[in-house]
Ligand SMILES: *Cc1c(COP(=O)(O)O)cnc(C)c1O
């Protein structure tokens, strides 16, 4: 393989990726002396920039107590009690039997499916699920098929056709989708799966945990179906301003994953101090209703302004602005950056060919006047 040739080809087609050299200051980002409003952050509730919360945590007893390394996998000597305490708290909040923590959402999604799905299991995944879920499907030995994005009629046909052939079917979806910001119909998926005794539902709420639902427990809470989703995954690296992930599930599945899930067994557990920070924030989740409301209001305003250019697709704080061609998309992003808005182009293979887009990802820290200004600048771009 000629790596340099491939890199040059990526450069020529506008698809070369680089690590951005930036510094952070609250909701601002600085690059080469220019200060821009960060419109690409996953810090949806604005918690990662809250120095008051960080200070309160660092002064707490928990912060003094827990070490900065677990030094081991949880199956050996790394199972500090803070892990189990957080798992019990999460399970209880969801009204479920059990929860299990992982080092990241990537670990969760690449580990759960290969552990649970054998050759007698069929995986049916939404066409737009996150790369980590695709990798999880590829790592395992189960056959799989992907249904058109949010096309439950097609999914229903696939279930009817395959339910008696396979021992188990696992339906895999996100709730809020990463790139389009649209939302899966969880009650419909639950109703579908309930028609079959051997169908399980796997929902990744990475973009919804903290952000949706009365207590911030995600779209599953919003839809009243927290108890009907067999494998409810969420991550701590986005709205929860920490690191790691969880699955909410039955006690049997939890024990099975502890025995069979390779990224859990063969990787050093997150620092106990990190888990304590996650716990500190998790306990405060119900308090951030005003932040969730502010985020919803501003997201709807931006989506309305982008109607016809991607805004109509979104039903969340992730709002796509579809440009089409990759190079045009890079140019538009650069223009917006020059005007003080740090937004990034998303190109193939992350999104389908010809749908290169700017992906706005809003946070509760962004002020209404800043959205006014953004809408105005986008209007100028178009004319
Ligand atoms: C970010 C993300 C992940 C990965 O989570 P990390 O904790 O960052 O590894 C998984 N699934 C979805 C849908 C995501 O957006």
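Read-outs: derived from the displayed coordinates by stated rules, not from any lab. Model, not experiment: these values are computed from the prediction. All Cβ positions, even for glycine, are placed from backbone atoms using ideal geometry, and neighbour counts span all protein chains on display.
Below are the figures for this structure:
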| quantity | calculated |
| --- | --- |
| Angstrom value of the Kirkwood radius, inverse mean 1/r, which spans all Cα pairs in the range 66-283 | 17.3 Å |
| Alpha carbon centroid spacing (whole Å) that separates the range 121-153 from the range 234-310 | 21 Å |
| Diffusion constant of the range 49-98 at 4 °C, which comes from Stokes-Einstein with the Kirkwood Cα-pair radius and 1.567 mPa s, µm²/s | 100 µm²/s |
| Inter-site label distance for residue 34 and residue 377 at 7 Å from Cα along Cβ, in nm | 0.9 nm |
| Cα point-scatterer Debye curve for the range 86-139, base-10 log of I(q)/I(0) at q = 0.23 Å⁻¹ | -0.92 |
| Packing-based order for 232-245, 332-345, using average beta carbon neighbours within 10 Å, highest first | 232-245, 332-345 |
| Kirkwood hydrodynamic radius (C-alpha pairs) into Stokes-Einstein, the chain, 20 °C and 1.002 mPa s, D in µm²/s | 98 µm²/s |
| Cβ-derived FRET efficiency at R0 35 Å, residue 88 paired with residue 195, nearest 0.05 | 0.60 |
| Residue-span extension gain [residue 3 to residue 262] - 0.36 nm each, minus C-alpha spacing | 90.2 nm |
| Average projected area [Cα convex hull, the range 266-383], square nanometres | 10.2 nm² |
| Estimated inter-spin distance, residue 18 and residue 63, nm [label 7 Å along Cα→Cβ] | 3.7 nm |
| R0 of 25 Å, Cβ-Cβ distance residue 76-residue 255: FRET efficiency to nearest 0.05 | 0.90 |
